[in-house]
Amino acid sequence: MFKFILFRILQAIPTLLGVTFLSFVIIKLAPGDYLDQLKLNPQISPETIERLRELYGLDKPLLVQYLLWLKNAVFFDLGYSFQYHAPVLELILERIPNTLLLSVSSALFAWTLAIPLGTLAAFKENSPIDKLIQTFSYTFFSIPSFFLAFILLFFASKTGVLPIGGIYSPEFEKLSFTEKVIDILKHLLIPSLALGLVSLAALTRLVRSAVLEVLHSPMITMLKAKGVRRITLFKHVLKNAMNPFTTLLGYEIANLISGAALIEIIVGWPGMGMLMLNAVLSQDLFLVMGGLYIGTIMLIVGNLIADLLLAYIDPRVRERAFGKS
């Protein structure tokens with residue numbers, strides 16, 4: 001297993017280099033930077049701006065700038081944010097828990113419901129239950145998550161049943177522990193539903209298709225002919241249908257994190273999305289690069305987790321990846 005993990009990490013290095021280099025080039029191609037904006041401030045002299053440019057290596061050629069950034073990024077020294085006047089890593093570590101809370105809660109909601117709903121629809125193929133579940137899936141699959149967020153925000157603003165914006169209420173510090181948890185969950189409900197319902201709709205369709213494919217396979221036909229009990233048949237179907245979804249898990253993690261960024265901006269959730277938007281608008285080079293760097297690493301880790309889960313579930317994959325044991 002160690003060799004497999006090491007091999008996948010080595011494979012991920014070119015991806016990480018490619019993403020960060022292209023991002024760096026695109027950012028530098030944009031006219032101006034954060035220091036150019038300081039020229040509009042008459043209290044800051046041109047000499048001070050030039051000293052800052054030299055201090056952060058922004059007066060060097062583009063490739064040299066990237067290599068200097070990369071050398072520090074390897075050790076997670078992601079530089080200093082011009083806008084927030086704080087280390088980039090410190091800012092990211094402050095916001096990542098909020099983004100992970102939103103992404104993980106949405107993923108748990110989607111995956112926990114998608115498997116039973118998709119399986120039920122497949123076992124009840126062409127029944128009213130199947131048609132009802134398919135109608136639900138097609139409806140929410142056709143609605144973009146950001147538009148759903150607007151609808152939920154409108155509903156919350158008109159009814160007042162849920163708070164709008166932020167992660168805490170103003171009186172959060174005065175609440176008891178239980179009340180604090182309830183307060184966070186109330187603020188979490190709108191963004192997690194906006195993100196999770198669309199994901200749930202897509203996953204339910206995929207689970208239904210995969211289970212139907214297994215149900216119509218010769219293996220299941222043979223098991224039915226042998227009079228295998230329904231519960232045993234169900235276990236066989238579910239185990240064989242889960243392989244493609246385990247593969248999708250890594251991509252789902254990436255999709256949820258990227259989708260969460262847009263939802264965060266819409267609902268005012270203080271996560272990586274809001275941080276990155278402000279960084280891009282202010283041309284805060286090191287903060288943008290730090291966010292992309294950490295996001296790419298999370299994508300790589302998500303795919304690695306998916307590969308390990310797939311190998312755990314499927315012995316054939318385990319033998320190819322880790323060798324026969």
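Taken together, the values in this text are just the output of simple stated rules run on the coordinates, not laboratory data. Everything numeric in this text was worked out from a predicted model, so none of it was measured. Neighbour counts are summed over all protein chains in view; Cβ atoms, including those assigned to glycine, are modelled from backbone coordinates with ideal geometry.
Model label points for Thr159 and Asn278, set 7 angstrom from Cα along the Cα-to-Cβ axis, are 3.1 nm apart. For the chain, a Kirkwood radius taken over Cα pairs fed into Stokes-Einstein (25 °C, viscosity 0.890 mPa s) yields D = 107 µm²/s. The alpha carbons of the range 114-213 give a radius of gyration and a Dmax of 17.3, 54 Å, in that order. In a fully extended conformation the segment linking Val301 and Lys239 would gain 19.9 nm over its present Cα-Cα distance, using 0.36 nm per residue. For Tyr80, the residues whose modelled amide H falls within less than 5 Å of its own, excluding neighbours fewer than 5 places apart on the same chain, are Val88. Answer rounded, prolate or oblate for the range 99-152, using the Cα gyration tensor with square roots of eigenvalues a ≥ b ≥ c: rounded when a/c is under 1.5, else prolate when a/b is larger than b/c, else oblate. In terms of gyration-tensor shape, oblate. Helix content alone sets the calculated 222 nm mean residue ellipticity of the chain: runs of n ≥ 4 DSSP H residues at -39500 (n - 2.57) each, divided across all residues, give -26000 deg cm²/dmol.
Which helices of the chain meet both criteria: a Cα extent of 30 Å or more along the helical axis and a mean Kyte-Doolittle score no lower than 0.0, with helices taken as whole DSSP H segments?
Numbers: long enough: 2-29 (40 Å, 1.77); 88-123 (51 Å, 1.40); 177-215 (48 Å, 1.28); 243-267 (35 Å, 1.21); 285-313 (42 Å, 2.06).
Span-like helices here: 2-29, 88-123, 177-215, 243-267, 285-313.
Residues of the range 9-36 with amide nitrogen under 18 Å from the 7 Å Cα-to-Cβ point of Leu70? It comes to 9-29, nothing else.
Using mean Cβ contacts within 10 Å as the protection proxy, how do 146-157, 30-41, 289-300 order, highest first?
Descending mean neighbour count gives 289-300, 146-157, 30-41.
For Thr221 and Leu6, the FRET efficiency from 1/(1 + (r/R0)^6), where r spans their Cβ atoms and R0 equals 45 Å, is about 0.60. Model label points for Leu108 and Lys180, set 7 angstrom from Cα along the Cα-to-Cβ axis, are 1.8 nm apart.
Quote to one decimal, in nm, the extra length available between Glu50 and Tyr168 on full extension: 0.36 nm per residue of separation minus the C-alpha distance between them. Display every interim value, and only then the final one.
Values: separation 118, 0.36 × 118 = 42.48 nm, distance 4.13 nm.
Once the chain is fully extended between Glu50 and Tyr168, it gains 38.4 nm.
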